[in-house]
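Participant: Handing you a structure now.
The values are calculated or read from the model by the stated rules, or taken from the named source; none is laboratory data. On a predicted model such as this, the values are computed, not experimentally measured, just so you know. All Cβ positions, even for glycine, are placed from backbone atoms using ideal geometry, and neighbour counts span all protein chains on display.
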Amino acid sequence: MRKNSLRSLAKRRDFELVFKKGLSSASKYLVIYARPNELNWNRLGLSVSKKIGKAVTRNRIKRLLREAMRKVLGDFLQHYDFVFVAKKAAAEGKLENFIRETERFLQKISHEKSSDCIHKTL
């Protein structure tokens, strides 16, 4: 298995834990949630409502979100559960938009993670 493999977040309970106990950030196209997990890999859950469009549109958004996450993760965070909730504007979004929003969120997480370490050592 690759170092930073990405698996699916599938169980309702896992989604609920990420929603309730995770960090979140909203942007034009997405609401992104993240929560540390006890696993050796990252998991990604996607929520794309029927309000966004027909199946073709929803599946396109899901493919783009998975690809954006793969491109951004690289050597980044391990052991996290992510949930991406697409907003209505996501139907017009492009891969570059999703990559940019994902990068911003991951930077926010890494900043908060490093500040938590600083506070714990003080």
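Participant: Might you check whether a residue that is without any contact (Cβ under 8 Å) to a residue 12 or more places away in the chain and either touching a helix residue (DSSP H, G or I) at 6+ places or on another chain (Cβ under 9 Å) or assigned to a helix (DSSP H, G or I) (or both) occurs anywhere in the range 15-23? Talk me through it step by step, then tell me what you get.
Facilitator: At the first step, the residues of the range 15-23 found to be without any contact (Cβ under 8 Å) to a residue 12 or more places away in the chain are 16, 20.
Now drop any that are not either touching a helix residue (DSSP H, G or I) at 6+ places or on another chain (Cβ under 9 Å) or assigned to a helix (DSSP H, G or I) (or both), which leaves 16, 20.
Yes, the conditions are met somewhere in the range 15-23.
Participant: Would you mind telling me which numbered condition in (1) modelled with pLDDT of 95 or more; (2) outside any strand (DSSP E or B) ARG70 fails?
Facilitator: Checking ARG70 against (1) modelled with pLDDT of 95 or more; (2) outside any strand (DSSP E or B), the one that fails is (1).
Participant: In contact (Cβ under 8 Å) with a residue 12 or more places away in the chain and not β-branched (Val, Ile, Thr), is that true of ARG43?
Facilitator: Values: in contact (Cβ under 8 Å) with a residue 12 or more places away in the chain: yes; not β-branched (Val, Ile, Thr): yes.
Against the criterion (in contact (Cβ under 8 Å) with a residue 12 or more places away in the chain and not β-branched (Val, Ile, Thr)), ARG43 qualifies.
Participant: Given (1) part of a strand (DSSP E or B); (2) in contact (Cβ under 8 Å) with a residue 24 or more places away in the chain, where does GLU38 come up short, assuming only one miss?
Facilitator: Condition (1) is where GLU38 drops out.
Participant: Is it the case that VAL83 is assigned to a helix (DSSP H, G or I), touching a residue at least 24 places away in the same chain (Cβ under 8 Å) and β-branched (Val, Ile, Thr)?
Facilitator: The answer is no for VAL83.
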